[in-house]
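Only one structure is covered here, and it is reproduced in the block below.
The values are calculated or read from the model by the stated rules, or taken from the named source; none is laboratory data. Predicted model, so just to flag it, every value in this text is computed and none were measured. Heavy atoms of the whole protein, side chains included, go into the accessibility calculation; ligands, DNA and RNA do not. Shrake-Rupley method; radii C 1.70, N 1.55, O 1.52, S 1.80 Å.
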Amino acid sequence: MRRLDHGWAGWLAALALVVPVAGIGAGQAVAATAPAWVVNKATSRIQFQSSVGGSPFTGAFGRWSADIHFDPKNLAASSVLVRVDMSSARTGAADKDEAMPGADWFATAKFAQGVYAAKGFKDLGGGRYQALGTLTMRGVTRPLALNFQLAIAGDQARMVGSTTVDRHSFGVGKGQFASADTVPFAVKVLININAKRG
């Protein structure tokens, strides 16, 4: 088996899909859907941080999409759907970048995408929110909360968030990397999104 001095990747995102909240019947109003937001890919990123043998590294996903419909005043109608091309993970180190798509890590030949979906949000005050969703990776789906700060000015929005993914619970890291001896189970995911109201 090929030894690869690698860490890995986790991730991502927070904001929206349209979920109508409608009251049916006399005297019940239909809640407006949350507005759509178009991501500026040039200034947005999904990054991950881990370490190998105690040496830290940071990587990022180069290809991903986000369907965003979000309204701070209508969280019930807000949701998020983020799809990540797992083969697009890059750290700038050739050994890690070659290893990540392989069977020991993301197994992208079989599991091409990672998906984060959330339809629940909490207002934590001061422009801070928490998305309550699920992350699917390597065919495994687990609950994942994502805390983020959101600033909206006119039709522009900036979101900065982070979460921690337990790679072990998704079966990421096989063989010599199945334990946390070389690469920790906990992987930090950092999300920075700039978007315009659609």
Problem set entry | Where 124, 146, 81 fall by accessible area, highest first, once all protein chains stay in place (1.4 Å) | 124, 81, 146
Exercise. Under a 1.4 angstrom probe, counting protein chains only, how are 115, 165 ranked by accessible area, largest first?
Worked result: 115, 165
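Which order do 183, 140 take when ranked by solvent-accessible area (1.4 Å probe, heavy atoms of all protein chains), largest first? Each step should come with its number before you reach the end.
Details: 183 0, 140 40 Å².
Largest accessible area first, the list is 140, 183.
Could you check how much of the accessible area of the range 95-144 is carbon and sulfur, as a whole percent, using a 1.4 Å probe?
Values: 1240 of 2400 Å².
Answer for the range 95-144: carbon and sulfur cover 52 percent of the accessible area.
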For this session: Whole number in Å², please: accessible area per residue of the range 118-198, 1.4 Å probe, ligands, DNA and RNA not counted.
Result: 47 Å²
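Quick check on the range 68-198: what does the Kirkwood estimate of hydrodynamic radius come out to from the alpha carbon pairs, in Å? The partial results should precede the final answer.
Details: mean 1/r = 0.0618 Å⁻¹.
This gives a value of 16.2 Å.
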